[in-house]
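Some notes on the structure that comes next.
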Amino acid sequence: MPYRLRKNEPVAKGIKRLAAEQIDYARGQLAQKEDAEKAIHEARKSVKKTRALLRLAGYGREDKRLRNIGRALSEIRDAAAMIQVFDALVAKKKESFPSIRQGLVESMQSVDAEKAVASALVGLDAIRVRVSHWLIEDALIDGLETSYRSGRKALNRASKNGIAQNYHDFRKRVKDHWYHMRLLGSMESRTASLKELETWLGEHHNLAVLQEKVGDCEGAKPFLALAASEQQELAQKSISLGQRLYQQKPKQFVQHLIPKKQPAKENRAARVSNRA
C-alpha cells in the first residue's frame, strides 16, 4: 500500500484512492485484537496521512472529524508510550526513578482503550462512506505552497519562542510536508531529512507530555531537569535542520519542485519552426 500518487494519475482520483486505503487500513488495525498498542499506533499514522491528503487538496470538511479521532487515539497511545519514553531517558542518563515509573503505569491502566477504539471505528466508518463524494480539484501547486508556507511560519514561531506547543505545531507541519514529498516520490534526500526532523520533534513532544504527566509528584524535580535538558538538545538540532530545509521561499520551492510548463508563446513558435 504505497503512499504515493501513481504516474499520470489525476490528483483528485489519487487523493480519494489513498484516503480510502488509509482509512481501510486504520479500521482493520483497530478491529483486530492481537496487539492493541501497535494497532493504535498504526491507525493514528493512517489518520495523519489522510489529514495530510486533505490539506494538500485544500479540503477541510473532514479534517475536524479526523482530528477528533486522532486525539482520542492519542490519549491511549500517550499513556503507553510515556513509559517507553521514561525508560529510554533514565537508561540514557543512567538514573532511576521507581516511584515516578509506578505512577505512569497506574495512569496507563486507568485509560478506557476499548471505548476510544469503538468510537474511532464508528467515526472512520462514516468518513469512509463519504470519500468517493469528496469535491477535490486536480491541482497540487496551491496545496504544496500552502503547506510549505505553514511550515516556515511554524519554524519561525518555534525559533523565536521555544515553548513546547510551538515545537509541536512545527512538528505537525513538518509531518504534512514529509507526507507530501512521499506522495510525489521525489527529492529522496529531502524526504529523509524531513523524517529525521519529524522524529526529533516527536521526541521533543513526548518529553513535554511526559513532564506534564509527572507534574510535581514526589522526587520529580531532578527527573524534570533531565527531561528539560534532553528537550533543549532536541530543540537546537530541530531548529538548525529546519532552517536548512525551509530556506527557500514558498513560491521558489514549489517552482523548483514542479517546474512550470513551457509558455504557450514558445510552443507556438516551435510549431511554426517545425512547419518550416
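The values are calculated or read from the model by the stated rules, or taken from the named source; none is laboratory data. For clarity, every value in this text was computed on a predicted model and none was experimentally measured. So basically every Cβ, Gly included, is an ideal-geometry build from the backbone, and we count neighbours across all protein chains shown. Note: accessible area is taken over every heavy atom of the protein model, side chains too, but ligands, DNA and RNA are not part of it. Shrake-Rupley method; radii C 1.70, N 1.55, O 1.52, S 1.80 Å.
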| query | Got a sec? Which of Glu233, Glu196, Glu188 is acidic (Asp, Glu), touching a residue at least 12 places away in the same chain (Cβ under 8 Å) and either surrounded by fewer than 18 Cβ atoms within 10 Å (Cβ to Cβ) or within 27 Å of Lys92 (Cα to Cα) (or both)? | reply | Glu196
| request: Select from segment 201-219 the residues that are farther than 14 Å from Leu89 by Cα and among the hydrophobic types (A, V, I, L, M, F, W, C) and write down the one among them that is most open to solvent (accessible area, probe 1.4 Å). | output: Cys217
| task | Only residues in segment 108-126 that are in contact (Cβ under 8 Å) with a residue 60 or more places away in the chain and within 22 Å of Tyr25 (Cα to Cα) count as the first member; pair them with residues that are open to solvent by 60 Å² or more (accessible area, probe 1.4 Å) and outside any helix (DSSP H, G or I), Cβ under 6 angstrom, at least 6 apart or cross-chain, and list the lot. | result | none
| remark: The condition from (1) modelled with pLDDT under 90; (2) in contact with a helix residue (DSSP H, G or I) (Cβ under 8 Å, 6 or more places away or on another chain) that Trp134 misses is numbered (1)
| In segment 1-28, which residues are open to solvent by 70 Å² or more (accessible area, probe 1.4 Å) and more than 21 Å from Val129 (Cα to Cα)? | Pro2, Arg4, Arg6, Lys7, Asn8
| note | By residue number, the members of segment 220-230 that are surrounded by fewer than 20 Cβ atoms within 10 Å (Cβ to Cβ) and over 20 Å from Asn161 (Cβ atoms) are Ala220, Lys221, Pro222, Leu224, Ala225, Leu226
| Test: Glu62 is modelled with pLDDT under 95, more than 18 Å from Asp125 (Cα to Cα) and acidic (Asp, Glu) | no
| task | Looking at (1) within 22 Å of Arg182 (Cβ to Cβ); (2) without any contact (Cβ under 8 Å) to a residue 12 or more places away in the chain; (3) in a helix (DSSP H, G or I), find the lone condition where Gly60 falls short. | result | (3)
| field | Qualifying positions in segment 58-76 - of a type outside the set (A, V, I, L, M), under 15 Å from Ser119 (Cβ atoms) and open to solvent by less than 40 Å² (accessible area, probe 1.4 Å) | value | Gly70, Ser74
| query | Considering segment 166-184 alone, what residues qualify as being within 19 Å of Leu207 (Cα to Cα), open to solvent by 10 Å² or more (accessible area, probe 1.4 Å) and touching a residue at least 40 places away in the same chain (Cβ under 8 Å)? | reply | Tyr167, His168, Lys175
| query | Which residues, taken from segment 29-57, are assigned to a helix (DSSP H, G or I), open to solvent by 40 Å² or more (accessible area, probe 1.4 Å) and not acidic (Asp, Glu)? | reply | Ala31, Ala36, Lys38, His41, Lys45, Lys48, Arg51, Arg55
